[in-house]
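The values are calculated or read from the model by the stated rules, or taken from the named source; none is laboratory data. All of these numbers come straight from a predicted model, not from anything done at the bench. Glycine gets a Cβ as well: all are built from the backbone with ideal geometry, and neighbour counts include every protein chain shown. Please note that ligands, DNA and RNA were not included when accessible areas were found on the heavy atoms of the full protein model with its side chains. Shrake-Rupley method; radii C 1.70, N 1.55, O 1.52, S 1.80 Å.
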Amino acid sequence: MAEDQNNYDYDSIIKSLKFKSLNEKWAEIIKLPQIGPISAFSRESHGYIYDLLLLNQTLVNLQLSMNEYWTQVTSTFIQAVNAVAVKAKSTSIKDNKDLQNILIDAFEDAFNKLFTSGDFAKGYNKVSNDQLEFSRIISKIMDKNFSILNLPTRAELDLILKDLQEVKNEVRIINRIINGTNKHKVISSNSTAN
């Protein structure tokens with residue numbers, strides 16, 4: 001028993017030393033002079049790890065939210081089908097139109113109750129928030145990559161597009177002024193010619 005305990009300690013010490021050795025080697029590699037974006041990416045590795053952990057947690061939350069959402073929708077669908085079965089047994093169905101009306105009424109009642117419930121609103125809100133958080137984290141990672149590669153970020157591109165739109169509007173106004181004065185000249189020259 002004592003021998004197993006000593007082996008365990010020895011194994012944990014070796015694993016600890018291997019991890020320290022690996023970490024030290026990685027630190028030495030990062031310190032080496034490098035050319036290109038690889039050095040920038042390797043220096044930002046802690047930030048990427050943190051962002052990936054956040055992304056993973058958001059995906060887990062999104063999956064849980066989606067499961068709750070689809071559980072509500074599925075249970076409502078089952079309630080509607082059961083309501084159709086009960087109404088079909090208690091009502092005499094003469095043609096397809098009667099069955100169609102029963103189906104529409106049952107599903108409309110069941111899903112209206114679902115959509116107006118507070119639980120559905122909370123669940124849908126969680127799904128939407130998790131999807132937006134996922135998009136925000138992806139955008140953050142992409143912006144970090146763009147800045148490392150000396151490319152414009154999304155915010156910079158939005159600013160450029162806004163400026164471009166303003167220039168287009170000004171050109172349009174200038175064209176209207178020029179064409180408006182030309183039309184004036186054409187109209188006045190036509191009226192004097194008559």
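Table for the structure above
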| read-out | value |
| --- | --- |
| Index of the failed condition, residue 75 passing every other in (1) open to solvent by less than 60 Å² (accessible area, probe 1.4 Å); (2) within 30 Å of residue 148 (Cβ to Cβ) | (2) |
| Residues located in the stretch 50-101, provided they are in contact (Cβ under 8 Å) with a residue 24 or more places away in the chain and among the hydroxyl-bearing types (Ser, Thr, Tyr) | 58, 65, 69, 76 |
| From 113, 25, residue being open to solvent by 80 Å² or more (accessible area, probe 1.4 Å) and at pLDDT below 80 | 25 |
| Boolean, residue 41 is at pLDDT below 65, surrounded by 12 or more Cβ atoms within 10 Å (Cβ to Cβ) and not acidic (Asp, Glu) | yes |
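Matching residues to (1) in a helix (DSSP H, G or I); (2) among the charged types (D, E, K, R); (3) open to solvent by 80 Å² or more (accessible area, probe 1.4 Å); (4) closer than 27 Å to residue 51 by Cβ:
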{"site": "130", "(1), (2), (3), (4)": "yes, yes, no, yes"}
{"site": "158", "(1), (2), (3), (4)": "yes, yes, no, yes"}
{"site": "165", "(1), (2), (3), (4)": "yes, no, yes, no"}
{"site": "176", "(1), (2), (3), (4)": "yes, yes, yes, no"}
